[in-house]
Structures are given as structure tokens and as C-alpha cells.
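Where a number appears in this text, it was derived from the coordinates with a stated rule and is not lab data. Predicted model, so just to flag it, every value in this text is computed and none were measured. Here the Cβ positions follow ideal geometry from the backbone for every residue, glycine too, while neighbour counts run over all protein chains shown.
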Amino acid sequence: MNDTNQEYATSEFPLAAALLCMQIKLVDLRPSKEGAGRIEFIFGKDEVIEKFISGYWAGNLRVEPKEFWNHTRELKSRIKAQA
């Protein structure tokens, strides 16, 4: 994971979909430094993103299942389009 003042990067696919459900803007996709065909999802940082990330890892973040599913499909499409 990469954490700068302007962006938050993660290669965790479910976290990326959950952040989209929370209306966090996806700025870009790029190849991960971890290699092995992994992708980093780059989000714009705002005042609430850390709260959502903490809630995700603690198992407390709740999202609407159909919205989560739609965002996973959207992310997969963007990954395939980039390949």
C-alpha cells in the first residue's frame, strides 16, 4: 500500500470496491510494485477515507451488497480495458 498526501493506493480488490461504495473517488489504476500482475487502485484522499479503511479492516464497514457487486464488476472491466 502507498499512502501520500494526495492519494491512497491499495491492491486489495474488495477494499477498492468498498471504497467506491462509500463514494470515494477512484483516480487511477496502475501496475502494482508487488508485481505478479497485481493492480493498484488509486483513490483521492479526503477527510473520511481513513475512517472507511479502518472500518473495512476491523470488519465494521457495511455496504449495500448489490452496490458492492456492481462496483466489483466495474473494477474488473477497468482492469481488462487496461490490459
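Here are the numbers:
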{"quantity": "Cβ-based net charge around residue 68, under 15 Å, with every Lys or Arg adding one and every Asp or Glu removing one", "calculated": "0"}
{"quantity": "Within the chain: Cβ-based charge dipole about Cα centre, in debye rounded to nearest 20 (Lys, Arg +1; Asp, Glu -1)", "calculated": "360"}
{"quantity": "Translational D in µm²/s for the chain (Stokes-Einstein at 25 °C, 0.890 mPa s, Kirkwood Rh from C-alpha pairs)", "calculated": "189"}
{"quantity": "Residue exposure sequence - 68, 43 - by fewest surrounding Cβ within 10 Å", "calculated": "68, 43"}
{"quantity": "Partner lysines for residue 51 [C-alpha distance under 23 Å; skip if fewer than 8 residues away on the same chain]", "calculated": "25, 66"}
{"quantity": "Dipole of region 2-82, positive direction: furthest Cα of 49, 18, 6, with charges on the beta-carbon", "calculated": "18"}
